[in-house]
Amino acid sequence: MRILQLLFLVYWLGSFPLFAQIVDDTTREVYGRHSTRYFLQEDVYGNNPETRKLDTSLHYQHYYNYQYQKGVPHQYLGNLGTAMKPIYYKAPEEIGYRLGFEAFHPYLNKAQNQRYFDTKSPYTELRYVQGSTGEQRLFLLFSRNVNKYWNLGASYNRFTSTKQFAVVANRDFQTDHHQINAFTSVKTKQDKYKLLLNFNYMQHWVYESGGIKTRPNEGGVVDSGLYLYKYASVRLFRSNVDAARNYYKTTQLHLYHQFNPLDSGNRALQFFHEADWRKENQYFRDNNMRTDSAYATYYREVNFNDSLKSFYQFRYELLQNKLGLKGDLGRFFYAVYYKTRTYSLADTSQDPTTAGKSKLWFNDAFAGGDLAYRFRDDFQISLSGQGLVSFKTTRHSDALYYKSHGDYQLNAALRYKKLSAEFGQSRISPSMMQTRMVYNLANWAFLKDSLKATESQNAALTYLHSHGNRYFKLGLAYQRIDHLVYFKRMLNGPDSLKIRPTQDKSYMDYVQPTLGFRTNWRWLYFENELILTHVFTDSEVVHMPRWFAMPKLFFQYYLFKKATQVQTGVEMFLKANYYADDYAPQLNQYYWQNSYVVKTFPITHVFLNLQVSRATIFLKVTNVFGGQLEQTGYLETPYYAGMKRSFQFGVMWRAFD
């Protein structure tokens, strides 16, 4: 009842201006969606003078839980804020050594995705989501031009979720996320100098369940009890004081600026500099693991037997500088640069050999460049690449584990009218946590010649035709992965120490045809995305569903003399049976398994999206078939049931004055 009252209030307020509107003598609104634009760093770097429009469509407004970011489906643990990974293989974006804890990165506002605004009036963006199963999200953004050359802005993103399983109290939190972002853009007259600066701070808490305890049924399939939700027994939850928890914190400062020494309008030569300072802190602790059933049923064995608890902490810090030249020569764009990184790693755990150990320091350098040719809007071709040119550690002992793997990254793209083609190739070092990790629940240290770099090649061809709200997309992609380093439960060793990195000695390759479309008859629309996967090799070190479909049927129409736009319908997410990766909370990593099949289930949502003046509202019922079919629920990850049937309400409000 309260939600219905809130919906009526928002709808009623949305029919009126929230702030005083600025109009001219003809009562035409001067400031609004048309006067607020934004751009990304890639637009400035590529000398693209066009800015981007705000997305004001109703499509996908009810997607709020990060699981389908930019059309890429992710695997997660069934609750907002839990560990995530792409269902399909994606090579790391960063070459060279990296920390390797990336399960919470999908929630991070990355520097390359930062929006910089050009607002003719103050711009405010508010998003709020409330779910009946305890999830909440609040996003606030404000930006304004100080003058026509300088813009300032800031945003705050907060979300929480409550436990779906083994609930012992009201508002029994499982995840808690805070993210603060500040940004600014500056330019001089005639655009001779431009500066982009953004700061981001994120902290993310997750209380880990370890998955649901199950009992074998007569068929030997361990699924009994998976869908009891708050009445289910889990392997790790206790009170949050003693519960196993993962904590990730990162602070990032990013600067990009460029200078044109030539006359106005001549962009043949520009100097640019890009700097990043980043600090990451990954932390796991289980305060009571040796005094309850979690030890007997989940961990079973540890490295340091005198400990009543387990913990580790990785602290990673990086300073990166990239300096280069770029410019436009007719229709050609070029850029060359030299990049240096200085980074350190300090780990703390119960390993007595690392007590009081100083930081490990590393230095590496890369050279790279970009080349593009633009022929009107019909034909574009681009090439980019970078490679490692030097690597060193500051201590001889560190050289036992880390060395230069000759990392590189090459990309090419071609677009001709409705056709586009892409090609990529890379060689990337193992992560630092894949190379060495020693604490109560992990024990590996690979010497520098034990792990090779992972190499990958990919090619894709896409045809895209769009007209208004309709589109048709047909694609074909090929991927080959050599010597992949991945996590796997090994057959030997104590249970808690079985999960560790391993490396494929061969390669895996596969092909993916894709089909996407949206069509309509008057107000009735039908949309679908279909991904097929065929693996050629016997070595299947990345498990993926053989098919994945996302059909959607909806009505979209106007009410009240076009004062309100409505979109209402049903959508479904279907994927084939497959051996989805399992999750190890003590490592904050997904790992390969071939003993538990995640079965097909029609995850079905019913939604209603409304556009009322400056407010966008959505109502959504998730998993409408939960409890109705023979299989009473579904799994996102082995032993982690997906969200039960729930109701969500959300509103997004934009103000331009």
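The values are calculated or read from the model by the stated rules, or taken from the named source; none is laboratory data. It should be emphasised that the depicted structure is a prediction, and the values quoted were computed from it without experimental measurement. When we count neighbours, we look across all protein chains shown, and the Cβ atoms used for this are built from the backbone with ideal geometry, even at glycine. Remember, those area values only see protein heavy atoms, side chains included, never the ligands or the DNA or RNA. Shrake-Rupley method; radii C 1.70, N 1.55, O 1.52, S 1.80 Å.
Results for (1) closer than 30 Å to Asn321 by Cβ; (2) open to solvent by 10 Å² or more (accessible area, probe 1.4 Å); (3) in a loop (DSSP other than H, G, I, E, B); (4) not aromatic (Phe, Trp, Tyr), shown as yes or no for each residue.
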| residue | (1), (2), (3), (4) |
| --- | --- |
| Leu226 | no, no, yes, yes |
| Leu236 | no, no, yes, yes |
| Ser239 | no, yes, yes, yes |
| Asp242 | no, yes, yes, yes |
| Leu262 | yes, yes, yes, yes |
| Gly265 | yes, yes, yes, yes |
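With respect to being of a type in the set (A, V, I, L, M, F, W, C) and not in a loop (DSSP other than H, G, I, E, B), Val566 fits the description.
Please verify whether segment 422-430 includes one or more residues that are surrounded by 15 or more Cβ atoms within 10 Å (Cβ to Cβ), among the hydroxyl-bearing types (Ser, Thr, Tyr), farther than 24 Å from Phe284 by Cβ and free of Cβ contacts under 8 Å to residues at least 40 places away in the same chain. Looking for residues that are surrounded by 15 or more Cβ atoms within 10 Å (Cβ to Cβ), among the hydroxyl-bearing types (Ser, Thr, Tyr), farther than 24 Å from Phe284 by Cβ and free of Cβ contacts under 8 Å to residues at least 40 places away in the same chain, one finds none in segment 422-430, hence no. As a summary of the residue check, Asn469 satisfies the conditions (1) open to solvent by 20 Å² or more (accessible area, probe 1.4 Å); (2) closer than 27 Å to Tyr510 by Cα except for the one numbered (2).
Look at segment 572-591 and say how many of its residues are assigned to a strand (DSSP E or B) and surrounded by fewer than 20 Cβ atoms within 10 Å (Cβ to Cβ). Full working, then the answer.
Of segment 572-591, the ones assigned to a strand (DSSP E or B) are 572-575, 578, 582-584, 589-591.
From what's left, surrounded by fewer than 20 Cβ atoms within 10 Å (Cβ to Cβ): 572, 574, 578, 591.
Residues flagged as assigned to a strand (DSSP E or B) and surrounded by fewer than 20 Cβ atoms within 10 Å (Cβ to Cβ) within segment 572-591 amount to 4.
Restricting Lys473, Lys448, Lys452 to residues that are touching a residue at least 40 places away in the same chain (Cβ under 8 Å), in contact with an Asp or Glu (Cβ under 9 Å, 6 or more places away or on another chain) and in a loop (DSSP other than H, G, I, E, B) narrows the list to Lys452.
The single residue among Pro513, Pro545 that is outside any strand (DSSP E or B) and modelled with pLDDT of 95 or more turns out to be Pro545. For segment 71-84, the criterion of being open to solvent by 50 Å² or more (accessible area, probe 1.4 Å), closer than 30 Å to Ala641 by Cβ and modelled with pLDDT of 70 or more is met by at least one residue.
Could you look through segment 59-70, keep only residues that are surrounded by fewer than 19 Cβ atoms within 10 Å (Cβ to Cβ) and more than 11 Å from the chain's Cα centre (by Cα), and pick out the one that is nearest to Asn469 (Cα to Cα)? Restricting to residues being surrounded by fewer than 19 Cβ atoms within 10 Å (Cβ to Cβ) and more than 11 Å from the chain's Cα centre (by Cα), the top hit is His59. Scanning segment 340-362 for residues that are surrounded by 19 or more Cβ atoms within 10 Å (Cβ to Cβ) and modelled with pLDDT of 90 or more, we see that the one that is farthest from Asn47 (Cα to Cα) is Leu345. Restricting the search to strands (runs of 3 or more DSSP E) fully inside segment 107-176 and requiring at least 3 residues that are within 25 Å of Met84 (Cα to Cα) gives 123-131, 136-147, 150-162. Taking the criterion of being open to solvent by less than 70 Å² (accessible area, probe 1.4 Å) and farther than 24 Å from Leu587 by Cβ, the residues of segment 439-464 that qualify are Glu455, Gln457, Asn458, Ala459, Ala460, Thr462.
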